[in-house]
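Contents: one structure, followed by commentary.
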Amino acid sequence: MEKACDSVSPTQEFPSEQEIRAAVDAALAAIGQASSSAELKQVRIDHVGDNAPLSIANRGIRDLPKEQKAAAGKLIGGSKGQVQKALAERQQQIAAEELEQALRSETVDVTTWQDRLPRGARHPLSTLGDRISDFFVGMGWEIAEGPELEAEWFNFDALNFDEDHPARQMQDTFYVAPEGSGQVLRTHTSPVQARTLLERGVPLYIACPGRVFRTDELDATHAPVFTQVEGLAIDKGLTMAHLEGTLNEFSRAVFGGEPITRLRPSYFPFTEPSAEIDFRCFSCDARAGIDHDADPACRVCGGTGWIEMGGCGMVNPAVLRACGVDPEEYQGFAFGLGIERILMLRSAVPDMHDIVEGDIRFSQHFGTEI
Amino acid sequence: MPRIPLTWLADHVELEPGATAESVAARLVSVGLEEEEIIPAQVTGPLVVGRVLDLVKEEQKNGKTINWVRVDVGDEHNEEKDNPKDPQPGEEVPSRGIICGAHNFVPGDLVVVSLPGTVLPGPFPIAARKTYGHMSDGMICSTAELGLGDGIGDETKGIIVLGKGSAEGIDAKPGDDAIALFGLGEEVVDINVTPDRGYCFSMRGVAREYGHATGGAFTDPALSGAAGEDSRPTDAAATSGPDGEPVPVQLKDDSPIRGQIGCTAYVAQKVTGIDPSAPSPRWLQQRLILAGMRPISLSVDVANYVMLDLGQPLHTFDADKLTGGITVRRARTGETLITLDDQERTLFEEDLVIADDSGVIALAGVMGGASTEAGESTTSVLLEGASFSPISVARTARRHRLPSEASKRFERGVDPALPQIAVQKAAEMLVEFGGGTIEPQRTHVRTEEQPALAPIDLPLGFAERLMGVQYSREDVVGRLEQIGCTVVTASTPAAGGEEVLTVQPPSWRPDLTIREALVEEIARLVGYDQIPSVLPKAPGGRGLTRLQRGRRAVLTALAESGLTEVLTVPFTSEQVLDDLQVPADDERRSTVCLLNPLQDDQPLMRSSILATLLPAAQLNIARGEDAVALTEAGTVFFRGSGQVPVPSAETRPTDAELAAIDAALAPQTRRLAGVLAGAVAPEGVAGKARSWDWADAISAVKRAADAAGAQVEVVQGEIAPFHPGRTAEIRTAEGDLLGHAGELHPSVIKAFKLPAGASAFEIDLDALIESAPSVVDAGPVSTLPIAKEDFAFVVDQNVPASAVRAAMLVGLGDAAESVRLFDEYRGDQVAEGKKSLAFAVRLRPLESTLNTKQIAQLRQQAIDAVATAMGGELRA
């Protein structure tokens, strides 16, 4: 530094304002022409380095007469500032360009992308079961569960199935060995209703999803193991109109559209009166109302306009008595629907085998949503 | 069942104009009789009567002789001229030429011809076709070809000839429609009858319901004939005199079942002098066939016909084969009976039987015996019409696995008013069609106590309160009267001000026992479509339970980790447990066995999810998958401690009774299992293939635990079906065993044909979720800087890394934020039998930044702890 200072001749004439402006212009031109970080570094040395004209002039200020110092200082300071600012701006510009270029050179073919993990999936029956549960929870109902291998008392006796009544034989029951064990694979989720009534009492609003068993050979539409969801509401003053209302709401939630539910007289030991539930087809023209004809080729309703969904009715007072509820004070309704059937209709599942065989390709159609 | 031919239905109820099978089915559905199927007309198209004009017999190379026949089928159907290249036999007149292989006819006979375009049962469409050198322009039909059975006499080996055999008495002219002539155009509605509506197992009952649906006039066939003259009804003990007198009948039930006497009424009527060769009239056979039964002989057909018509099962004994009087009693030990299906059956003491002096001759209400069967030579029969106990018949039919038309009706309840009416009707038909004589004395015995339907009190507004529909008084009273009830109105309203009706159900409705059942009758006749839609308001619910939320979170987490959920059928076998190498004394051998499995080789309920999940993995590999990652959450079953009691359901069982049920019930738990086999992702641009292995199985359990909010510990273990050196026990933070994870045993991998290194896990899912804290305490989050320290310890090879880590955590205390194993080394650099374990430790104090001295102090504490716990030394 000392040396550099020394090298400047004290006798050298201080540059004119014109010369300063020329030096600034030269610097700005050089900055503009620099196209890389390296070139800009040289420009910095040449125009604001120790031996650059502006630097030399800056050091010359101290030798000027006192009255000229302020004006010269202002001129040189402003000029240097102008050059430094241009340098900084250009530096930023070049850095951005260079980054851009570097990134370009790192380009990959994103279409070579591959999964690092196999695609996982929930089984659609369990996802649909969850969704149905959520519907009931949303109405303030609760979800109740019970054992799949059940006492005969809960599966039959508590539900008003007389041991000698043909209805009991029509259940196609799997019996647990030895003969007289008093145990069966539950044929419906209704025993959960009895258990919950006994455990929690009334009023009660519950849905019971779960696996049930019937001695049906596996074919395109039947399986020995399938999934039901049953609903039970016991309160003061509940009527079959409330049953109809609940089924309509369920149909709206699961199939969409404006629900049309048809009840047909039927028989179940645990309900009186009893009914079969039909939903108006959600797929073909029939959905527009009962005055609209179904598409004869409709895969969902088979051209009938109606989808058979399950059974329902007002809970038989014998069931309430067996569960410790006074039927003079409380009454209510129950219904049962098959979840496989809903899944097959909603998602066009062609064959029951797909649902029960455990082929992963079936679950993987659905992922974790339904 | 049952099948309803429309013309038969029309005998009892006025059908709507233009009624079709479809419209009848729709009407019946509306009152609760579900359509099973509609059976279309068996024959369609031009089936006509033809007169054989001429025929020539042509011998064929195969030794058969066929007839080339000229048939006049009426002006409408005859061809004007013969084909000159293929002239028909005899004089040319308008006619058709037909080839026929049968020989039981001659020129001049009237026959039944199916012209081209006819469709016979099969379906068997008829077309003109070249055969035996001629163009056969139709077919001359046999009874079998028309779906009329085997026929009678010559026609069993040939064709129908009008005026003979089953067409006896039929006269017609060429061109007449034979479909109408033989009643072949009839549509049949097959309906489902729910078990409460036994009376609808008859045309009488279905016609009544059709009338309810349409308002059409119903004529009760049980009231339309004379019931005949009974000998004075006698009580059970009474017997009648010797021959020529009424057949003596005794009702002796020493042990009624559940208080129900086995037989409460028995009508016995002898019909003698029946022509054994007399066939059932064709219309009767036709109706039986349409209703799904096979014509057998006049006496049997008549009994079946009356049963189908009225709903009262009848039995026909050959009167000449009976020895002495009839006794209805319970079977005795050791008694046997050969039933009509030629099966010898050992009887149970609970079976109700019909006996004569020779012993048991029939299973009451279920099936007759071979020794007294009415057959081809029978000339006198004893007709039996009785009221048997539904419970007794149901149990006998079930015990002998012998569901019959009779038992099906009795177990649902038969109108007790019917026996004498049905017997009389059958007897009259035997007289009419078989030339028999009704013996003047009929036996009719009844027990003193007759089953009676109790009247039901029905408050007038009850139906509205149950259905949510406003029913008028006319709706309530009118509909109940319409179904046959007697409704008595109390002269003064009851205390509450509400009128209470007293309703007496009709004799054919034993199902009407409670007022709710009466409401169903009112509601279905007014129409279920009148029910409004009202959404009930439940009190606020508590949402899903901890277990329900936990299960969802776990399954979703596993799906997001690449596993696919499947739901397998939980049936398995000892063979699968063998393949899993489950030892004999393992609790998984304490299985639940089914009495009636669908497949005999799968009689067990699974005691392990892997027992059904490994076969699912095998199926996927067999179908071409290179790798599988499966999971299933489901129930496993273990043998219970004994008989589960069955308390009365009349009232609520006591808490002790309920507890006894659950105590004896087979133990069941919900488990989570997974199988991981093959490549996680195949080799590709993104990197090399990596196979699922034992660590992935443990990792999946950890994912599940994390999702449930539970802490689990991993310790070395050993259990089937896993590799003995690569099995982890999964325990709760408290040390309770939850299950296992690891690589499968190579023999198991081989048995299920899985890729090498296949791994699996199975844990108690509900216990895992329940081990999680119900509320999570957050704890402070330190913002002080972290200090990172590495350690390498040399320990014996059998010391688990987790134990070293645990010792370090003890030494480091609260300052340890994490301790992670990052290297395991065995080899030349450490002594024989030793291994080196390297840990990365992150220290983060809560109070104040650690200084060098404090860090050194913590290091030493960790080293000391490892030295004390397992003699580990810091590696130089």
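None of the figures in this text is laboratory data; all of them are computed from the coordinates on show. Just so we're clear, the structure is a prediction, and the values are computed from it rather than from any experiment. Note that each Cβ is placed from the backbone with ideal geometry, even for glycine, and that neighbours are counted across all protein chains shown.
List of remarks:
- Pairs beyond 27 Å (Cα-Cα), from B:Lys157/B:Lys270; B:Lys688/B:Lys835; B:Lys252/B:Lys408; B:Lys61/B:Lys130; B:Lys81/B:Lys164; B:Lys57/B:Lys130: B:Lys157/B:Lys270; B:Lys688/B:Lys835; B:Lys81/B:Lys164
- Averaged over peptide B:628-641, the number of partner chain Cβ atoms lying within 10 Å of each residue's Cβ comes to 3.
- Centre-to-centre separation between the Cα atoms of the range A:184-209 and those of the range A:72-119: 69 Å.
- In chain B, the longest principal axis of the Cα atoms and the axis of helix B:694-708 are about 80 degrees apart.
- Over chain A: helical MRE at 222 nm, DSSP H runs n ≥ 4 each giving -39500 (n - 2.57), nearest 500: -13000 deg cm²/dmol
- Range of Cα positions in the range A:2-112 per principal axis (Å), largest first: 74, 26, 17
- Dipole magnitude (debye, nearest 20) for chain B, charges at Cβ of Lys, Arg, Asp, Glu: 3020 debye
- Rg [Å, one decimal], Dmax [Å, integer] - the range B:459-530, C-alpha atoms: 11.7, 34
- Loop chymotrypsin sites (Phe, Trp or Tyr not before Pro), the range B:335-418 (other Cβ atoms within 10 Å of the site Cβ: 16 or fewer; DSSP): B:Phe348
- Computed on chain A, the Cα convex hull volume stands at 334 Å³ per residue.
- Extent along principal axes [Cα atoms of the range B:47-182; Å; largest to smallest]: 37, 36, 29
- From most to least packed by mean Cβ count within 10 Å, the peptides B:23-35, B:705-717 give B:23-35, B:705-717.
- Arranged from fewest to most other beta-carbon atoms within 10 Å of their beta carbon, B:Phe201, B:Phe218 become B:Phe218, B:Phe201.
- Rounded to two decimals, the Cα-based Rg/Rh of the protein assembly as shown, with Kirkwood Rh, is 1.17.
- Angle in degrees between helix B:473-482 and the longest Cα principal axis of chain B, rounded to the nearest 10: 60 degrees
- Charged neighbours of B:Gln286, selected by a Cβ distance under 13 Å, balance to +2 (K, R count +1; D, E count -1).
- The string of couplings for the range B:406-412 from the Karplus curve (6.51, -1.76, 1.60, θ = phi - 60°) is 5, 5, 4, 6, 4, 6, 8 Hz, one whole number per residue in order, with x for Gly and Pro.
- Across chain B, the mean sequence separation of Cα contacts (distance under 8 Å, 6 or more residues apart), normalised by length, yields a relative contact order of 8 percent.
- Residue-averaged 222 nm ellipticity for chain B, from DSSP H runs of 4+ at -39500 (n - 2.57), nearest 500: -7500 deg cm²/dmol
- Descending Cα extents along the principal axes, chain B, whole Å: 128, 92, 59
- The loop-placed trypsin sites (Lys or Arg not before Pro) in the range B:573-668, going by DSSP, that have at most 14 neighbouring Cβ atoms within 10 Å of their Cβ come out as B:Arg623.
- Mean per-residue shielding of peptide B:600-609 is 1, counting Cβ atoms of other chains within 10 Å of each Cβ.
- Reported to the nearest whole Å, the Cα centre-to-centre distance from the range B:104-145 to the range B:22-56 is 20.
- Peptide-level mean, for A:201-213, of C-beta atoms on other protein chains within 10 Å: 2
- Around A:Tyr330: net Lys/Arg minus Asp/Glu count, Cβ-Cβ under 9 Å: -3
- For the range A:261-338, GluC sites (Glu not before Pro) meeting the loop criterion (DSSP other than H, G, I, E, B) and having at most 11 other Cβ atoms within 10 Å: A:Glu328, A:Glu329.
- Nearest 10 degrees, 0 to 90: helix B:546-560 Cα axis against chain B principal axis: 80 degrees
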